[in-house]
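J.: Just dropping this structure here.
The values are calculated or read from the model by the stated rules, or taken from the named source; none is laboratory data. Because the structure is predicted, anything quoted here is derived from the model rather than measured. Don't worry about glycine lacking a Cβ; one is built from the backbone with ideal geometry, like all the others, and counts go over all protein chains shown. What goes into the accessible areas is simple: the full protein's heavy atoms, side chains included, and nothing from ligands, DNA or RNA. Shrake-Rupley method; radii C 1.70, N 1.55, O 1.52, S 1.80 Å.
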Amino acid sequence: IFVIGDHSHDEVIAIADQVPKTIVISSVEEAQKLKKIKKAGVVSQSTQTIENVQEIINILMTKVFDLHFVNTICYPTKRNQEQIKQLAKVADLMIIIGSFTSANSKRLTLLSRNINKNTYQVCSSNDIKIKWFKNSSIVGISAGASTPDYLINEVKDKVERIGEKK
């Protein structure tokens, strides 16, 4: 059994503990180091990016004769990632709300930053810097799956107040 995900993530550890000899793969480089085998099943951490999973699956397809993949990326994660890809293209500034210990929030920040270099991750409205808004008229806001609504609302309210002062 292969689990595509972050080695130290609680979800991945719990999945891997269910079946002896489970192999956790977090990167293309790790997948490339695997030996060829006859048969394997694959699941993924629910907050992985579809791009990372696809790249790893493509490598596993060359190494496993009989490969069975079950897409376990949760729908809200997929939807959020797709929305960030679109929003980051049109926004002058992107703010991702979520803990720096959250794999999901960090992944969303990286996804956005790959498209829009003016992307910042914040834990709360207190982390927002006025200088980020220079030459910005469109601000995109997104959040990790576990970010509480009150934090999202606080950030949104602060961004709106900053916009009113411009």
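J.: Please work out which residue is most open to solvent (accessible area, probe 1.4 Å), limiting yourself to segment 1-54 and to residues that are touching a Leu at 6+ places or on another chain (Cβ under 9 Å) and part of a helix (DSSP H, G or I).
T.: If we take residues in segment 1-54 being touching a Leu at 6+ places or on another chain (Cβ under 9 Å) and part of a helix (DSSP H, G or I), then GLU51 is most open to solvent (accessible area, probe 1.4 Å).
J.: So, ARG107, is that one under 13 Å from the mean Cα position of the chain (by Cα) and surrounded by fewer than 18 Cβ atoms within 10 Å (Cβ to Cβ) or not?
T.: No.
J.: Ok, one more. Of all the residues that make up segment 16-56, how many are within 15 Å of the chain's Cα centre (by Cα), aliphatic (A, V, I, L, M) and over 15 Å from ASN71 (Cα atoms)?
T.: Matching residues across segment 16-56 total 0.
J.: Using beta carbons and a limit of 9 Å, which pairs, at least six apart or on different chains, have the first residue in segment 135-164 and farther than 23 Å from GLN81 by Cα and the second one assigned to a loop (DSSP other than H, G, I, E, B) and open to solvent by 90 Å² or more (accessible area, probe 1.4 Å)?
T.: Qualifying pairs under 9 Å: GLY163/SER137.
J.: Please go through segment 1-41 and give me each residue that is among the β-branched types (Val, Ile, Thr) and in contact with an Asp or Glu (Cβ under 7 Å, 6 or more places away or on another chain), ordered by number.
T.: Matches in segment 1-41: VAL12, VAL28.
J.: Restricting attention to segment 134-162, which residues are farther than 23 Å from LYS106 by Cβ and out of contact with any Phe, Trp or Tyr (no Cβ under 6 Å at 6 or more places or on another chain)?
T.: The answer is LYS134, ASN135, SER137, ILE138, ASP157, GLU160, ARG161.
J.: Is it the case that segment 41-52 has a residue that's over 22 Å from SER146 (Cβ atoms) and touching a residue at least 12 places away in the same chain (Cβ under 8 Å)?
T.: Quick first cut of segment 41-52, residues over 22 Å from SER146 (Cβ atoms) only: 41-42.
The next check asks that each one be touching a residue at least 12 places away in the same chain (Cβ under 8 Å); those that pass are 41-42.
Yes, segment 41-52 contains a residue that is over 22 Å from SER146 (Cβ atoms) and touching a residue at least 12 places away in the same chain (Cβ under 8 Å).
J.: THR101: farther than 19 Å from VAL19 by Cβ and open to solvent by less than 80 Å² (accessible area, probe 1.4 Å), yes or no? Working first, answer last.
T.: On the way: farther than 19 Å from VAL19 by Cβ: yes; open to solvent by less than 80 Å² (accessible area, probe 1.4 Å): no.
Taking the combined requirement at face value, the residue does not satisfy it.
J.: Of ARG107, ARG113, which residue is modelled with pLDDT of 95 or more and of a type in the set (D, E, K, R)?
T.: Unique residue meeting the criteria: ARG113.
J.: Taking segment 125-161 on its own, how many of its residues are of a type in the set (S, T, N, Q) and surrounded by 14 or more Cβ atoms within 10 Å (Cβ to Cβ)?
T.: 4
J.: Which residues, counting only those in segment 55-81, are modelled with pLDDT under 95 and among the polar types (S, T, N, Q)?
T.: ASN71, THR72, THR77, ASN80, GLN81
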